[in-house]
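The values are calculated or read from the model by the stated rules, or taken from the named source; none is laboratory data. None of the values given here were measured: they were computed from a predicted structure. Cβ sites come from the backbone with ideal geometry, for glycine too, and all protein chains shown count toward neighbours.
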Amino acid sequence: MKFSILLSTYHATNSHDLAKCLDSLCNQTLLADEIIAIKDGPIPEDSEHCLLDYSNRLPIRILEYPVNRGLGVVLQEGLLHCSHDLVARVDTDDEWIVSRTGIRERRIASDHETTFTLARDAADRALQTAGLTGPDVDLVIVATLTPEYGFPSTASLVQEAIGATTAGAFDLNAACAGFAYGLAVARGFIESEMYRTIVLIGSDTMSRVVDWTDRSTCVLFGDGAGAVVVQRTDTPGGIASTCLRSDGSGGPLLIQRAGGSRHPTSAQTLLDGSHYLRMNGREVYRFAVTATTEAALAVMVDAGWTTNEVDLFIPHQANVRIIESAARSIGIPMDHVFVNADRYGNPSAGSIPIALCEALDHRRIQVGSKIVTVGFGAGLAWAAHALTWTTPTGSS
Ligand code: ACO
C-alpha cells in the first residue's frame, strides 16, 4: 500500500554525491508516493540532470533547508544572562546559579510574544519542514501550563492561525511533563488509526508566572516552544514504550495557587502574590531524580533495551545537576545525554521538543537511533518514552 512520504535531508557538494543520496532515499522508500528532500546546503550546480533522472522514478520535492529540520522551535529574542540581569533584582550571584543549576542564560519572551505566538510559530515551522499545510492536520495539541487565556484553549487559537480547518484542538496540562504526555496521547490517536496527522506543541512562557523577587525560582525558568508533526510510518521503529505517572500528594510542592476555582483572582491574591509559581526546590529536586530514573528504566525494560543500547537520553531540562544525577543512576554516560539547560533554563513543556530539535540539528540523532526521553513537573506528574527514530529529519 502506498501512502507515505519520506522526509529526509541530504548533503551533497556535487552531482555524484547527490546521486548517491537519492539512490539511498529511493532504496529506503520503495512504498512511498514521493520523496521530500530537505536541502542541507546549496544544490550542486551540475545536479539538474541527476534530479531529473531520479524524479522519473519517484516524485521528488526539494525543500529549502529550514532553521530546524523536522521540528519547529521558537526561542525568544530576549536573552537573560544569569547574574548580570538578576543581581539587580534579587540577592543572587552567577556562581550560585551556575554551580547549583548549570544554567548560564535563558530566553525570555518580549512583550509582544505569548504562549500562543510561540506555539503558532513553532507549529508553522514544523508543518513547513514536513511539507504539510494546515488542511493536512487532524488534531492540534498544545501542552502548556501558561495558556494564552483561562479559556479558550491555546490549541484552538493555533488551529485557526495555521489554517487547520478540519482539525480538533485541545490544551493539555501536565506542567513540564506536558510534551511527554502529549506524545502518549498522539501515539494513541495514531495507533488507533483515528487520526493520521497530529501537530503536538510544547509552549510555555514561564516568565509570566514567575515571581521575579523570589530568588529560589526566578533563576530557573525560561520561555520557549517546540512542535512536532506526528504521523504513521512504514519504517520500523517509532515509540516502543510509554510510561505515564502521577502523584497528586506532591501537588503543593510546585503550585500556582490563585487564579483557579479554589482561589479566584482577587485583590487579596494579588497582594499576597499567590498568582505566582511557588516551589519547594529541595523536595522537587529529590522527586525529579527518582522519577526520571524510574521512568527511564521502566520504558527501557519494557522496550527490551539495555542502557548500553541507548544512543541518546533527552531528559526534561530543569537543572543540569538533576540530569547528571539521574543519568548516573540509570547508568547512561553523559556523552549519551542531551543537555541544553545551560542555554535555555527550564522552558517547561517547551523543554523536550526544543532539545529534540537541537539534537537533530547537532546530528546526534540518525535513523535507527534509540532515544529515551523523560519529562517531569508539577502534579506531580512524569512521563517517559523509549523510541527509535525513523526518519533523518524526523517528522514522524
Ligand atoms: N541565589 C543565592 N542563594 C540562593 C538562591 C539564589 N538564586 N536560591 C536559594 N538560595 C539559597 C537558599 O536561600 C538557601 O540558603 P540558606 O541555606 O541560608 O537557607 C541555600 O541557597 C540553599 O538552598 P537550597 O534550596 O537547599 O538549594 P539547592 O541546592 O536545593 O538548589 C534549586 C535549589 C536549584 C532550586 C534546586 O533545589 C532545584 O533545582 N530543584 C528542582 C527545581 C525544578 O526542577 N523545578 C522544575 C520542575 S518542572 C515544572 O513542572 C515547572
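May I ask you to say which residue of Arg208, Arg245 is basic (Lys, Arg), under 30 Å from Thr129 (Cβ atoms) and touching a residue at least 40 places away in the same chain (Cβ under 8 Å)?
Answer to the selection: Arg208.
Of these, Thr265, Thr307, which one is crowded, with 16+ Cβ neighbours inside 10 Å, more than 16 Å from the ligand (Cβ to nearest atom), without any contact (Cβ under 8 Å) to a residue 60 or more places away in the chain and of a type outside the set (A, V, I, L, M, F, W, C)?
Among Thr265, Thr307, only Thr307 is crowded, with 16+ Cβ neighbours inside 10 Å, more than 16 Å from the ligand (Cβ to nearest atom), without any contact (Cβ under 8 Å) to a residue 60 or more places away in the chain and of a type outside the set (A, V, I, L, M, F, W, C).
Looking only at segment 178-215, which residues are in a loop (DSSP other than H, G, I, E, B), more than 18 Å from Leu380 (Cβ to Cβ) and within 16 Å of the ligand (Cβ to nearest atom)?
Within segment 178-215, Val210, Asp211, Trp212, Thr213, Asp214, Arg215 meet the criteria.
Taking the criterion of being in a helix (DSSP H, G or I) and of a type outside the set (S, T, N, Q), would at least one residue in segment 222-238 satisfy it?
no
Taking Ser274 as the residue in question, decide whether it is assigned to a loop (DSSP other than H, G, I, E, B) and either touching a residue at least 12 places away in the same chain (Cβ under 8 Å) or among the acidic types (Asp, Glu) (or both).
In short, yes.
Please report, ordered by residue number, the helices (runs of 4 or more DSSP H) entirely within segment 63-177 with at least 3 residues that are at pLDDT 90 or above, within 16 Å of the ligand (Cβ to nearest atom) and surrounded by fewer than 22 Cβ atoms within 10 Å (Cβ to Cβ).
Answer list for segment 63-177: 94-101.
Of the residues that make up segment 334-353, is at least one surrounded by fewer than 24 Cβ atoms within 10 Å (Cβ to Cβ) and without any contact (Cβ under 8 Å) to a residue 12 or more places away in the chain?
So far as segment 334-353 goes, yes, one or more of its residues are surrounded by fewer than 24 Cβ atoms within 10 Å (Cβ to Cβ) and without any contact (Cβ under 8 Å) to a residue 12 or more places away in the chain.
Scan segment 309-332 and tell me whether some residue there is within 29 Å of Arg208 (Cβ to Cβ) and in contact with a Phe, Trp or Tyr (Cβ under 6 Å, 6 or more places away or on another chain).
yes
Condition first: in contact (Cβ under 8 Å) with a residue 60 or more places away in the chain and charged (D, E, K, R). Now tell me which residues in segment 277-304 satisfy that.
Residues satisfying the conditions are Arg278, Asp302.
Give all pairs with beta carbons closer than 9 Å in which a residue from segment 219-231 that is of a type in the set (D, E, K, R) meets a residue that is modelled with pLDDT of 95 or more and assigned to a strand (DSSP E or B); count only pairs at least 6 apart in sequence or on separate chains.
Matching pairs, first to second residue: Asp223/Ser203; Asp223/Asp204; Asp223/Thr205.
Could you tell me which of the residues Ala291, Ala303, Ala258, Ala295 is in contact with a Cys (Cβ under 7 Å, 6 or more places away or on another chain) and at pLDDT 95 or above?
One residue alone meets the criteria, Ala295.
If a residue has to be within 16 Å of the ligand (Cβ to nearest atom) and acidic (Asp, Glu) to count, how many in segment 323-366 make the cut?
Total satisfying the criteria: 2.
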